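The block underneath contains the structure these notes are about, expressed in structure tokens.
The values are calculated or read from the model by the stated rules, or taken from the named source; none is laboratory data. Predicted model, so just to flag it, every value in this text is computed and none were measured. Backbone-built Cβ (ideal geometry, glycine too); neighbour counts: all protein chains shown. These area figures cover heavy atoms from the full protein model, side chains too; ligands, DNA and RNA do not enter into them. Shrake-Rupley method; radii C 1.70, N 1.55, O 1.52, S 1.80 Å.
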Amino acid sequence: TKISGNRKKQSKQKKLKVAIIVPGYYKDTKRQDKGFKYLTEYIAKNGYLGISIDTDPAYYLGHTVDKEYENIPKIFDEHIKMLKEANEGHNIYNIDLENKIDFKHIAVISSAVSKEAIFKLTKDQSEKGVNILTLLLINPTNNKYNDFNIDNVKNISILVSELDEEVIGLDGFSIYNILKKCKNQNILSLTLLKNANHNYFNSSIKSNDAQTLDIDLTNQISRVEQEKFLKKFTITYLKACFRNKYDNTIYDTKVPTVTKIDNLDVINYLQTSKNKDLKDIRKIDEFKGKNINFSIVKTELPKINLPEISHKTVELLNIKWEYKGGKLSFKPDINDFSKFNNITINTMLYPDNESNVKGRSQGICIELTDNKGKSKAVEISKESNLISYPKCKLENLDFENEKEVIFWNKTTPMSNIRIPMVLYKDIDLKNIKKFNIILNKTNSGDLLFESIML
């Protein structure tokens, strides 16, 4: 176990909130907990108790999902028992923790561990009276156990590396998509760190797993940059969860979508239990179009390579236009927008359509009209790169019934566009009667929409 505390902080703070790091498995590395010493020290410097636990025994004689699922919760439980003993005055660690541990505020930070193992340990601890309210899942895997017993978990943040050979399907996205249906989260967030690789978060792992990918690594960020990123990212999250410091962070629902953190490119997703569907995008008979074609397509359609969707096909709204100035309009199911902080849209370019200029982002406008006919439009510019062109290649992966099946060779997630409501000034947000998607930024295009929410 690597454990770090800050003695100066301890003299001022009676109870230390706890962050426990649970490393995963890497076949050529022992004692992966030591690879997070830099993180436990930084957590301690910011006034928390940082612990990195040795999970190697969970993978004795190799790695399997079953071993993670069964063994990591047991190892975690032993550490909770040790913390309780230290809190009672037993000198287990190299710092005095007597009556200094806040067991009501425990965060679990997992790296390359299946969500099944993490959710199982939160459930097991809850049954023993230890409620883990906060999870930070770094490159989690989504395996065979569909265990989502997280009723007591209020905050979940997922961090995904774009250049990940081990979790090439970006499993964090499929986990996020399932968790979106849960209604008890205070924070549910996912951040894709572009040009980052899985291994560089753990200083004990020396290899660069991005080198096995068939992509250009010119812009790959360094190990030093990734460690610096994770330190700040972790503390920002702990402050949001434990100290309610949301303002101007990725967890602030009042600000636009964050595309950079510390000058590193990210795609950020955020949802809370307060999100409401503005319109069911499948009800296309309630939509009106001008100079566009629109229909419902399914994710099983060739060329759409989204992160794996568990147990069912997702239907998407497809909008195509060949002339600048097209529009899609509908009457929202919610009229009072004043109670919400933003409009959230999940969308992406339809792959391999000549209407989208290769390599270029798309732009749109979102216009609201109130019951007196007054309108306000907010532009999502091409320069914002929010609706970006996928960095993929088309490949012929298979033949079915002698017909070619074409897919993008890289998993491509939806973009998340968050428009703060404060940008819609001078209209009556309590009485919105029309929602318009205006396609006037490019001469042509082809977009897919997963959802439109408040």
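Summary of computed values
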{"item": "Greater than 32 Å apart at Cα, pairs in Lys290/Lys382; Lys228/Lys320; Lys245/Lys290", "result": "Lys228/Lys320; Lys245/Lys290"}
{"item": "Diffusion coefficient, µm² s⁻¹, Stokes-Einstein with Kirkwood Rh over alpha-carbon pairs of segment 97-163 at 25 °C and 0.890 mPa s", "result": "194 µm²/s"}
{"item": "Stokes-Einstein diffusion coefficient of segment 413-452, Kirkwood radius over Cα pairs, 10 °C, 1.306 mPa s, in µm²/s", "result": "121 µm²/s"}
{"item": "Long-range amide H partners of Gly326 with built H, under 5 Å", "result": "Leu439"}
{"item": "Probe 1.4 Å - accessible area at Met414, Å² to nearest ten", "result": "20 Å²"}
{"item": "Share of pairwise Cα separations in segment 57-135, more than 18 Å, in percent", "result": "46 percent"}
{"item": "5 angstrom amide H check on Ile109, placed H, neighbours 5+ away", "result": "Ile20, Ile21, Val22, Leu136"}
{"item": "Label-point separation, Lys254 to Asn385 (7 Å along Cα→Cβ), nm", "result": "2.8 nm"}
{"item": "Overall Cα dimensions of segment 200-301 - principal axes, largest extent first, Å", "result": "56, 42, 23"}
{"item": "Packing rank of 217-230, 433-446, where each peptide gets the mean count of other beta carbons within 10 Å, highest leading", "result": "433-446, 217-230"}
{"item": "Simple spin-label estimate for Asn440 and Asn291 in nanometres, 7 Å along Cα-Cβ", "result": "0.9 nm"}
{"item": "Percent of Cα-Cα distances greater than 22 Å, calculated over segment 68-209", "result": "44 percent"}
{"item": "Packing-based ranking, highest mean first, of 44-50, 271-277, 16-22 given that Cβ atoms within 10 Å are counted", "result": "16-22, 44-50, 271-277"}
{"item": "Amide proton proximity set for Thr55, modelled H, under 5 Å, gap of 5+", "result": "Gln32, Asp33"}
{"item": "Listed residue pairs exceeding 31 Å between alpha carbons, taken from Lys183/Lys298; Lys74/Lys276; Lys180/Lys260; Lys298/Lys391; Lys260/Lys441; Lys183/Lys327", "result": "Lys74/Lys276; Lys183/Lys327"}
{"item": "Backbone HN-Hα couplings from phi across segment 362-368 [Karplus 6.51/-1.76/1.60, Hz, Gly and Pro as x]", "result": "9, x, 9, 10, 10, 10, 10"}
